[in-house]
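A short write-up of the structure that comes next.
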Amino acid sequence: MEQQHKILFTGLTGNLGRTLIPLLKKNNYIVYTTYKYQKELDFIGAKDSEFINPIKCDLLSEKDIAKMVSSFKIHFDSVVNLVGGFIYKDLISSDINDIKKMMDINLYSVFNICKYSPKILASSSNKSIINMLTPYAENPVAGVSAYSSSKAALLNLSKSMTIEFEKYSIRVNSIMTDTIDTLVNRQEMPNANFSKWIKPIQIFNAIEMLISKESKFINGEIIKLSNE
């Protein structure tokens with residue numbers, strides 16, 4: 001019998017992550033996720049919480065991550081970084097704290113966990129990392145300067161990891177997605193055309209494809225999801 005695929009998530013307790021949990025559960029993955037505050041877990045329903053293995057860890061603390069990794073009783077097959085945040089603010093209205101916040105959430109947290117990925121994925125025969133990008137990382141628009149800058153940095157980091165992690169047989173790919181159709185996004189943008197938004201199932205399918213054994217030849221790619 002084929003062994004279950006084991007995934008370490010960051011950000012699974014967030015806006016997008018919570019929509020993916022039922023799909024992960026249905027498809028029989030072994031799922032762990034980092035979290036920083038207890039209130040993050042409060043958003044997960046009782047049935048789904050039994051399926052999730054939460055690990056308290058501050059992703060901005062290398063000490064926390066090292067401690068977490070040393071405590072693992074298993075080795076994972078994939079690290080999927082859903083962690084991220086968004087600020088809609090033009091450059092003139094922004095201050096240094098805004099871009100620091102975006103860099104913390106969208107870049108430094110991913111940098112820190114990925115630094116330990118050779119240890120996290122050490123025993124797997126199908127090692128992979130997936131990062132989440134936005135089209136603004138390549139083509140910024142007005143009002144998202146801090147956000148798009150942090151994601152552009154993540155794009156570059158992902159390319160660098162593809163090169164540096166080749167010696168560890170770790171594949172690094174990214175998913176670039178337009179606005180995602182979640183309840184929170186609908187509440188924040190009630191007048192938008194929801195039919196053009198990316199559905200969580202599309203992101204799940206992309207993740208599932210990238211971590212599969214059949215995709216072991218896919219490395220350094222950006223899977224672009226758009227309904228335009």
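None of the figures in this text is laboratory data; all of them are computed from the coordinates on show. Since this is a predicted model, take the numbers as computed values, not measurements. Cβ: placed from backbone, ideal geometry, glycine included. Neighbour counts: every protein chain shown.
Against the test of being within 18 Å of the chain's Cα centre (by Cα) and among the charged types (D, E, K, R), the options LYS115, LYS100, LYS39, LYS47 yield a single qualifying residue, LYS115. For region 96-126, taking the residues that are over 13 Å from ASN81 (Cα atoms) and among the hydrophobic types (A, V, I, L, M, F, W, C), the one that is surrounded by the fewest Cβ atoms within 10 Å (Cβ to Cβ) is identified as ILE96.
Could you count how many residues in region 63-88 are assigned to a loop (DSSP other than H, G, I, E, B) and surrounded by 14 or more Cβ atoms within 10 Å (Cβ to Cβ)?
10
Screening region 1-60 for helices (runs of 4 or more DSSP H) wholly inside it with 2 or more residues that are surrounded by fewer than 21 Cβ atoms within 10 Å (Cβ to Cβ) and in contact (Cβ under 8 Å) with a residue 24 or more places away in the chain returns the ranges 17-26, 38-41. Restricting attention to region 138-176, the residues being acidic (Asp, Glu) and more than 19 Å from LYS115 (Cβ to Cβ) number 1.
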